[in-house]
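Notes follow once the structure below has been shown.
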Amino acid sequence: MKEYRPNEIEKKWQDIWEEKRVFEAKDDKSLPKFYALVEFPYPSGEGLHVGHPRSYTALDIVSRKRRLEGYNVLFPMGWDAFGLPTENYAIKHKIHPRIVTEKNVERFKKQLKSIGFSFDWSREINTTDPDYYKWTQWIFIKLFEKGLAYKKEMPINWCTSCKVGLANEEVVGGACERCGGEVVRKVKNQWMLKITEYADRLIDDLELVDYIERVKTQQINWIGRSEGMEVYFKIAEKEDVLKVFTTRPDTLYGATYMVIAPEHPLIEKYKDIIENMDEVRKYQEYVSKKSDFERTELSKEKTGVEIKGLKAINPVTNKEIPIWISDYVLMTYGTGAIMAVPAHDSRDWEFAKKFNLPIVEVVKGGNVEKEAYTDTESGILVNSELINGLEVKEAIEKISNWLEEQGLGERKVNYKLRDWVFSRQRYWGEPIPLVECEKCGWVPVPEDQLPVMLPEVENYEPTDTGESPLANITEWVETNCPKCGGKAKRETDTMPQWAGSSWYYLRYIDPHNPNALASKEELDYWMPVDWYNGGMEHTTLHLLYSRFWHKFLYDIGIVNTREPYMKRTSQGMILGENNEKMSKSRGNVINPDGIVAEFGADTLRTYEMFIGDFEKAVPWSENGVKGCRRFLERVWRLQDIVVTGDEYTKELEASIHKTIKKVSEDYESLKFNTAIAALMTLLNEFNDSGKITKADMKTFLILLNPVAPHITEELWEIIGLPGMLHESQWPKYDEEKIKEDILELPVQVNGKVRGTIMVNVDDGQEVIKEKVKENKGIMKHLEGKQIVKEIFIPGKIYNIVVK
RNA sequence: GCGGGAGUGGCGGAAUUGGCAGACGCGCUAGACUUAGGAUCUAGUGUCCUUUGACGUGGGGGUUCAAGUCCUCUCUCCCGCACCA
């Protein structure tokens, strides 16, 4: 027997697979298809992370299994290559981001290939490729044409010292990550996409798909649909009306003041009337330095300023109430204004306590002097003329009807989900393919002129006015209107990184098509994606964005399915050995290259699948890696005990059938760790038996193949099985052979196991009773006791209750 | 703060979904073989007492013949929060 040298055999088989193109999806549309998708990586400068192979190996296993089951499998890979880190690297090192990207992609590709994933590399895509982003731009134009893209004033993070716009991530504790300078919010006119128009469908259609539960709930909560009332509060002595959204119109009689967001337009409108405008301005400035996230933190002290000179009128009590501004009210949620009911909302309660505002109880049930009473199940309305004595639910109904009749409000559905800010003041992204004409306004670039290519620039830094670097290239910006031929300017903002990843699964289907994002024929065959695995962190942004785009493409007749992904699963994170997130600064990063070089790709793959519950975060363990290498060494040594034979060894037969069942099911249900454990157990039985037939070995090798594809192919060849493993078929099991006739039944006395008896599967309670009597160990616990009850669960347990 | 998730030996985890807690692997202990090695093989390994046994799934309370699993209160940790990908 030769020594097990993974580096040699892994290279050998990777070359064979590539040369024979065994993992390329087939053209034969008569075959059943299986489309497996993993999130394509952002090719960062750091190279592949051990977290990537966790997700990739999982679906590689499923893909390899499905191929052996006769499916036509599409398992593609590509690059989500636009992005901030590449751009920042390019700025710092004065290298074009395209070159940085090429270099990173090359490295990633080499790394992925060394791990032996069965990707169909003939369909590789790259979001920064003009042939690709042509279609990203095309989709944007369609969205624009259907009125789903619009311009709106939105704040960006602005570093006052670098004079550039910053991503949220680049703002650390209110300061610029690069220079430590002060960051404020600066308003810019930006492109937005109306994802909110699809909010209901994004919730409802979750019923059509098989996503793990936590993904569904997280999406539903992120969209945050709530039904309530928009109530109109008149501004005293003015024509204006302040609209607020509330889910608790029943508490309207308890609304003792109002709070509007510090950025609320009302303030600008009445700036000449507001008596304490200086104070208001100061507070606005203070708030402009905070993120929405910081603003809504409850733990902090409430802050705010009363707007003097403006009052609102409570529509049911007709009393004048004060209007405040406070940072806990966000312009981005609801109407940017709230009615404050301190007795029945905890944030309002805290605010009222701090500023000595009146707290009026309108739902009886708690002690509103001590805390807000927010229960909606058991309270009874008081101090509320029209709805006194009603329960909360009835009160909401009645007051809502009344408000609608009086024209003081309207039933509304509100969402937490906000429209998608689609503009970035950056270079390394898809140019937004629109032109602003002096006469015609915003005009899309005609389809035959796509893609709008990213022009070459000298300097990738955003301009000090907050414009994208493209704004400096006059000859690019200045163009003619496609409609009227007159003078026009190109949009200089680029798209966010999410754009390219919102439809990439469609391009894999027909990656080289110059005439369409994918042909109808191919889409009909391959869509939807059967199984999409990726990180939990993409649940509320990427996953939702791509579902939104897909639904839009469905609406305009491009795709034929309402949902892009039939099934969505999610892996846990791999942490450093010290149980902390892997990061350069913590110095606990594990490089997969090192593991492949030292232990082999099969060991890396096996370990990543055996490391723990696939869906949970787990710390890396070098010893665990060694253990998996040892397992593969034992597998390697099996070749010494193989004897000829086309049938399973009699004594091993039941175990083999059981293992086929277990492994087949576990691979499909993300329980890779227990599948491998089952294979280890079978291996131990093989070794105990001393010799195994070729048939035993063959089944074992096929079952292990998806996890450790190289060693199993090699052993297949060594022991002389016909053809190559990847050409064989997934084994079947026989349920009859798994059944055991005799089993050990635990016997409990008062719920505690006192012994076991051997029983036949079909033994009745009477037979078992007799067998118990023969067992001295158990009978001892019954001495001098009176049997009260006996419980027999066939095949599980026999419990005797005594007094 | 809001939303999602997780707590089981020294460690990663398993438990047919209410039925023998700790499969499998790591680590550790002892032994065997040694051309002394981070190799391989054998045995042991939740905690406590010498044994019968008792205790044991973050903590408290409950339901049940039976609870890691169900109910209730509570503590701790992790992830996301819209311009990172």
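Here are some notes:
- Taking residues in segment A:69-91 that are within 16 Å of RNA strand B (Cβ to nearest atom), and partners anywhere that are among the polar types (S, T, N, Q) and open to solvent by 40 Å² or more (accessible area, probe 1.4 Å), the pairs with Cβ atoms closer than 6 Å and at least 6 places apart or on different chains are A:Phe82/A:Gln497; A:Gly83/A:Gln497.
- Among residues of segment A:528-540, those that are open to solvent by less than 10 Å² (accessible area, probe 1.4 Å) and away from RNA strand B (no atom under 16 Å from the Cβ), counted: 2
- Of the strands (runs of 3 or more DSSP E) lying entirely inside segment A:209-298, not one carries at least 1 residues that are out of contact with any strand residue (DSSP E or B) (no Cβ under 8 Å at 6 or more places or on another chain) and surrounded by 15 or more Cβ atoms within 10 Å (Cβ to Cβ).
- Segment A:158-182, residues that are assigned to a strand (DSSP E or B) and either away from RNA strand B (no atom under 14 Å from the Cβ) or among the small types (Gly, Ala, Ser) (or both): A:Gly165, A:Ala175, A:Glu182
- Every residue from segment A:317-336 that is in contact with a Ser or Thr (Cβ under 8 Å, 6 or more places away or on another chain) and of a type in the set (A, V, I, L, M): A:Ile321, A:Leu330
- Segment A:479-512, subset touching a Lys or Arg at 6+ places or on another chain (Cβ under 6 Å) and without any contact (Cβ under 8 Å) to a residue 60 or more places away in the chain, residue nearest to RNA strand B (Cβ to nearest atom): A:Thr479
- Residue pairs meeting the criteria (Cβ under 6 Å; at least 6 apart or on separate chains; first open to solvent by 50 Å² or more (accessible area, probe 1.4 Å), in segment A:738-762; second aromatic (Phe, Trp, Tyr) and in a helix (DSSP H, G or I)): none
- The combined condition, being open to solvent by 10 Å² or more (accessible area, probe 1.4 Å), touching a Ser or Thr at 6+ places or on another chain (Cβ under 9 Å) and basic (Lys, Arg), is not fulfilled by A:Arg107.
- Criterion violated by A:Arg547 - all others in (1) of a type in the set (Lys, Arg); (2) over 28 Å from A:His710 (Cα atoms); (3) open to solvent by 10 Å² or more (accessible area, probe 1.4 Å) satisfied: (3)
- Filtered by the rule that a residue be in a helix (DSSP H, G or I) and over 18 Å from A:Phe119 (Cα atoms), segment A:1-22 gives A:Pro6, A:Asn7, A:Glu8, A:Ile9.
- Of all residues in segment A:717-751 being outside any loop (DSSP other than H, G, I, E, B) and closer than 21 Å to A:Gln639 by Cα, the one that is farthest from the chain's Cα centre (by Cα): A:Ile718
- Inter-residue pairs, beta-carbon under 7 Å, first in contact (Cβ under 8 Å) with a residue 24 or more places away in the chain and in segment A:202-223, second away from RNA strand B (no atom under 16 Å from the Cβ) and open to solvent by 90 Å² or more (accessible area, probe 1.4 Å), 6+ apart: A:Asp205/A:Arg562; A:Leu208/A:Arg562
- The criterion of at least 1 residues that are open to solvent by less than 10 Å² (accessible area, probe 1.4 Å) is met by the following helices (runs of 4 or more DSSP H) wholly inside segment A:471-514: A:498-501, A:504-507.
- Unique match (being under 19 Å from the mean Cα position of the chain (by Cα), of a type outside the set (Phe, Trp, Tyr) and not in a strand (DSSP E or B)) among A:Ala36, A:Ala25, A:Ala58: A:Ala58
- Filter result (open to solvent by 40 Å² or more (accessible area, probe 1.4 Å), more than 24 Å from A:Asp741 (Cα to Cα) and more than 8 Å from RNA strand B (Cβ to nearest atom)) within segment A:789-803: A:Lys803
- Candidate set: segment A:598-623, residues that are more than 20 Å from the chain's Cα centre (by Cα) and free of Cβ contacts under 8 Å to residues at least 60 places away in the same chain; chosen: the one nearest to RNA strand B (Cβ to nearest atom): A:Asn623
- Filter result for A:Ala199 (open to solvent by less than 60 Å² (accessible area, probe 1.4 Å) and more than 13 Å from RNA strand B (Cβ to nearest atom)): no
- Hey, A:Arg637 loosely packed, with under 14 Cβ neighbours inside 10 Å, near RNA strand B (Cβ under 6 Å from one of its atoms) and not in a loop (DSSP other than H, G, I, E, B) or not: no
- Residue count for segment A:139-153 under the criterion of being assigned to a strand (DSSP E or B) and open to solvent by less than 30 Å² (accessible area, probe 1.4 Å): the result is 1.
- Within segment A:321-341, tally of residues that are more than 16 Å from RNA strand B (Cβ to nearest atom) and not aliphatic (A, V, I, L, M): 2
- Residue among A:Pro462, A:Pro433, A:Pro446 that alone is away from RNA strand B (no atom under 16 Å from the Cβ) and under 34 Å from the mean Cα position of the chain (by Cα): A:Pro433
- If you go through segment A:350-370 and keep only what is assigned to a loop (DSSP other than H, G, I, E, B) and small (Gly, Ala, Ser), you end up with just A:Gly365.
- Exclusive hit being under 36 Å from the mean Cα position of the chain (by Cα), within 16 Å of RNA strand B (Cβ to nearest atom) and loosely packed, with under 15 Cβ neighbours inside 10 Å, set A:Glu377, A:Glu410: A:Glu377
- Unmet criterion (only one of (1) modelled with pLDDT under 95; (2) open to solvent by 50 Å² or more (accessible area, probe 1.4 Å); (3) within 11 Å of RNA strand B (Cβ to nearest atom)) for A:Lys662: (1)
- Just one of the listed residues (A:Glu647, A:Glu714, A:Glu651) is more than 37 Å from the chain's Cα centre (by Cα), open to solvent by less than 20 Å² (accessible area, probe 1.4 Å) and touching a residue at least 24 places away in the same chain (Cβ under 8 Å), namely A:Glu714.
- Selected residue (criterion: farthest from RNA strand B (Cβ to nearest atom)) from residues of segment A:414-427 that are open to solvent by 10 Å² or more (accessible area, probe 1.4 Å) and within 24 Å of the chain's Cα centre (by Cα): A:Asn414
- Looking only at segment A:564-587, residues that are open to solvent by less than 20 Å² (accessible area, probe 1.4 Å) and in contact with an Asp or Glu (Cβ under 6 Å, 6 or more places away or on another chain) come to 1 in all.
- All positions within segment A:314-330 that are open to solvent by 20 Å² or more (accessible area, probe 1.4 Å), part of a strand (DSSP E or B) and closer than 16 Å to A:Val362 by Cβ: none
The values are calculated or read from the model by the stated rules, or taken from the named source; none is laboratory data. Note that the structure is a prediction, hence the values are computed from the model and not measured. Note that each Cβ is placed from the backbone with ideal geometry, even for glycine, and that neighbours are counted across all protein chains shown. Just so you know, the surface numbers come from the protein's heavy atoms only, side chains and all, with ligands and any DNA or RNA stripped out. Shrake-Rupley method; radii C 1.70, N 1.55, O 1.52, S 1.80 Å.
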